[in-house]
Structures are given as C-alpha cells and as structure tokens.
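Student: Can you keep this structure in mind? I'll have questions shortly.
The values are calculated or read from the model by the stated rules, or taken from the named source; none is laboratory data. A quick note: this is a predicted structure, and the numbers were derived from the prediction, not measured. Quick reminder, even Gly has a Cβ in these numbers, built from the backbone with ideal geometry, and neighbours come from all protein chains shown.
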Amino acid sequence: MNIIARLFTSDPLRDEGVRPAQIWGLRLFYLLMLVFVAPVAWQGLLAHTGPWDPLRAIATAVWATYPALALFGLIHPLRWLPLMFFAIGYKALWLAFVAYPLWQLDALWGTQTGEIAASFLALPLLVVVVPWGYAWRTYFALPRRA
C-alpha cells in the first residue's frame, strides 16, 4: 500500500481505528502549541513585575499551562485529546463573544484583538484533525453495559 493510502487508512490495533493523518495532525497542533504559545506565555509569567491583576494572572497561568501539557500530546496524541477540546472551546468562545461583535462593527482588524483573532482562524483545521468518532466513544458516550 502506498504512503498516501496509509495516511488515510486506520490501523485498529495501533491507533484505535483513528487515521494516521489525524494522529499526525494532532501532533502538529501539539507541536505548534509548544513552539508558538508556550514561549510567549511563559515569558509573560517570568518577566512580569509588580503585583498581578488576579484575573490576568489566572489567564496567564492557564495560557502557560495548556501548551506545556502539549508535550504529552506529542507522545500520546489520543490520550491528550481533552487538551484539544479545551483549545477548541476557548478559541470558539473567544471568537464568538469577543471578535465577532467587533468584526460586525468593522472595528476588529488593525487592532491587537484582530491579531489574536487572526491567529485563531486556524480553528477549523483543528476541528478537522480531531477524530470525533473516537472522541465520542472515548470521552462523551455513556459506558456500555456488560
């Protein structure tokens, strides 16, 4: 079988029926979290001086923690899917409640909020790489009776 076909054919014994392309897509997003989000977030924590605003401190701590956990996602992409659910959730909520109203007012682009929104526009790609059938069976469906 050629390499392209193998990327889109699941191996039930190795990856619980999830396509290798999705496994590698998940690994790519975990890597992107580590490379682009973790350094900025940790810099914000380590370089901060003076007293923290409590809500900003929580947001910064969460923002530093989740990409650091992406290291485990590189090793076990399916086990760490809840990290992807978190990323999808917060980005979708932020786009809906922060960016979209500004976009409607034509006040989004050319601002710091617009820069963040632009970085979140890859959200559909993240949604595509999540193996939703596996996610449903593993995380959301009720346990089967024996």
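Student: Would you please list the contacts, defined by Cβ atoms under 7 Å and residues six or more apart or on different chains, that run from a residue in region 129-142 that is not charged (D, E, K, R) to a residue that is not in a helix (DSSP H, G or I)?
Tutor: P131/V18; Y134/E16; Y134/G17; Y134/V18; Y134/L78
Student: Just give me the residues in region 71-126 being farther than 12 Å from F29 by Cα and either touching a Cys at 6+ places or on another chain (Cβ under 9 Å) or of a type in the set (V, I, T) (or both), in sequence order.
Tutor: Residues satisfying the conditions are I75, V98, T111, T113, I116.
Student: Can I ask one more? Show me the helices (runs of 4 or more DSSP H) found entirely inside region 24-143 where at least 2 residues are of a type in the set (G, A, S). So that I can check it myself, show each step before the final result.
Tutor: Values: elements: 38-46, 54-75, 81-94, 100-104, 112-120, 123-129, 132-135.
So the answer is 38-46, 54-75, 81-94, 112-120, 132-135.
Student: Being within 30 Å of R19 (Cβ to Cβ) and of a type in the set (D, E, K, R) narrows it down to one residue among R144, R56; which is it?
Tutor: R144
Student: While we're here: Looking at L26, L55, which is the one that is in contact (Cβ under 8 Å) with a residue 60 or more places away in the chain and either over 11 Å from the mean Cα position of the chain (by Cα) or closer than 26 Å to V128 by Cβ (or both)? I'd like the intermediate steps shown before the answer.
Tutor: Numbers: L55 fails: in contact (Cβ under 8 Å) with a residue 60 or more places away in the chain.
When all the criteria are applied, what remains is L26.
So that you can scan it fast, the table gives a plain yes or no per residue for (1) surrounded by fewer than 16 Cβ atoms within 10 Å (Cβ to Cβ); (2) at pLDDT 95 or above:
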residue	(1), (2)
H48	yes, no
A57	yes, no
Y66	no, no
F72	yes, yes
I75	yes, no
L81	no, yes
W94	no, yes
Y100	yes, yes
W103	yes, yes
